[in-house]
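What follows is one structure encoded as structure tokens, with my remarks underneath.
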Amino acid sequence: MARNWQPDFERLVDEHQSMVFSLAWRMTADRGLAEEIAQDVFLELDTHMARIESPEHALFWLRRVTMSRSTDALRRRRVRGVDLWIEIEENHSASSEERSSPLGARLEQLLTTLPEPQRAALVLRYQEDLTPEEIAATLESPLATVKSNLQRGLKLIRAKAECNLKEYLRPGKALGGAHADG
Amino acid sequence: MDEPKPINERDPANGMNDFESKLQQAFVRRPAPPGLKRRILDQRNRRRTARFHSRVVLWQRLAACFVLAAALGGAYTWRHVEEQRKGQAARDQVLTALRITNHALNEVKARLAARNQDE
């Protein structure tokens, strides 16, 4: 089946542009940069089309390259000395009209304050609904590291939510345990 | 305005607690910006055109290199052949000169021999 599959670039762009853009945006918290990353990822896909064997392979490849490009972009920013966190605050406050719900928007904002590996793990877990094994394959990281990042990230974002999103918490109730490792 | 829901309740249906469900809802895929696909396709076409032009230039350079190499090789061969031809001509001239000299010496020798006989 996979052998007979002929990749259609335009169709792949149609199907996956939202996924690629969302991953890049959540990783970089910068809409412009996310668009650039999405363009670069698809142009790189164009040069690798001959090696794409199936739709699943294309999806996996796009996720992996998007995460890698986003990480590179964040690293380049750090090298340039840009204060990323200030930019993130600005970018997120500027995009308030695109927020789906106040809680969702604030959770997204809290996500941007997490360390990069934890952010990557959480985005792949909760945006893409991947298992820790799939996340490990996508990020090319050991499974134990991914599980640890998921648990720590979830714990951290939960703690931040407790501090910052008090209006969404039922008073006097303890928080439930994390189930990030599926 | 709706009252905000608590985020720490466990949802037994999907194995996630409510906080994780909220995360999942918050992290839905965002729609790609309008025009992203068009920009990608435009850039792809530009890159392909640029790649095509660079290939044409590469082939042109290769052809120019080939013509230059052929000209240099031809010139070298022509010079080599010309030198051989000139060398052959010079040798022929030397041989002719030697033959003439030999002939003249033979004549002188014959005359001397005839004079000696007369004496």
Just one of (1) farther than 30 Å from A:PHE21 by Cα; (2) surrounded by 10 or more Cβ atoms within 10 Å (Cβ to Cβ) trips up B:GLU20, so point out which.
-> (1)
Tell me, please, whether a residue that is touching a helix residue (DSSP H, G or I) at 6+ places or on another chain (Cβ under 7 Å) and either surrounded by 10 or more Cβ atoms within 10 Å (Cβ to Cβ) or within 14 Å of chain A (Cβ to nearest Cβ) (or both) can be found in region B:62-78.
-> no
Across region A:29-50, what is the number of residues that are away from chain B (no Cβ under 12 Å) and more than 26 Å from A:LEU114 (Cα to Cα)?
-> 2
In region A:4-28, which residues are part of a helix (DSSP H, G or I) and away from every other protein chain (no Cβ under 11 Å)?
-> A:MET27, A:THR28
Within region A:115-127, track down each residue that is in a loop (DSSP other than H, G, I, E, B) and more than 19 Å from B:SER21 (Cβ to Cβ).
-> A:PRO115
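Read-outs throughout are calculated quantities, based only on the coordinates presented, and are distinct from any laboratory measurement. These numbers come from a predicted model, not from an experiment. Note that we place each Cβ from the backbone using ideal geometry, even for glycine, and neighbour counts take in every protein chain shown.
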